[in-house]
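Colleague: Structure in structure tokens, see below.
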Amino acid sequence: MKQKIVIKVQVRCDKCRSKAMETAAVADGVISVALEGENKDKVVVIGEGVDAADLASELKKKLGHASLEIVEEVKEKKDNQNENKDTTSPASYSYAYQPQYELYRVAYDPQPSPCTIM
């Protein structure tokens, strides 16, 4: 069952907004995360099996204030006209840390050439 969760958070800057998005995106079962409201202070999460109370408490730990506003079931609309068209969803953000490793190869030269100073 898909559900829509709206949590009002206290955001003071862009860094707080990105921290809220990042925290919500890593929760289990989250499909999409968006910011809404006039001050972009409401985190809207759509997902399956997302624990709304746990998500609100995680946001409260990270940001200082978070209140759970709405938890509702999302009903998918079935339209014959939309089946023929390729639909694209609005941009959703997800954050995942992918470590990037740099590979080095050390070449051993048994007879190195002498260094010359000019």
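Where a number appears in this text, it was derived from the coordinates with a stated rule and is not lab data. The model shown is predicted, which means the values in this text are computed figures rather than measured ones. FYI the Cβ positions are ideal-geometry reconstructions off the backbone, even for glycines, and counts take in every protein chain you see.
Colleague: First select every other residue whose beta carbon is under 12 angstrom from the beta carbon of residue 15; then total the charges, Lys and Arg +1, Asp and Glu -1.
Modeller: Computed value for this residue: +2.
Colleague: Write down the Kirkwood hydrodynamic radius of region 17-70, to one decimal in angstroms, obtained as one divided by the mean of 1/r over all alpha carbon pairs.
Modeller: Mean inverse Cα-Cα distance, inverted, gives 11.1 Å.
Colleague: Largest first and to the nearest Å, give the Cα extent of region 1-45 along each principal axis.
Modeller: Projected onto the principal axes, the Cα atoms of region 1-45 cover 33, 19, 12 Å.
Colleague: Related question: Residue 28 to residue 62: extension gain in nm, 0.36 nm per residue of separation minus the Cα-Cα distance?
Modeller: Stretched fully, the residue 28-residue 62 segment lengthens by 10.5 nm.
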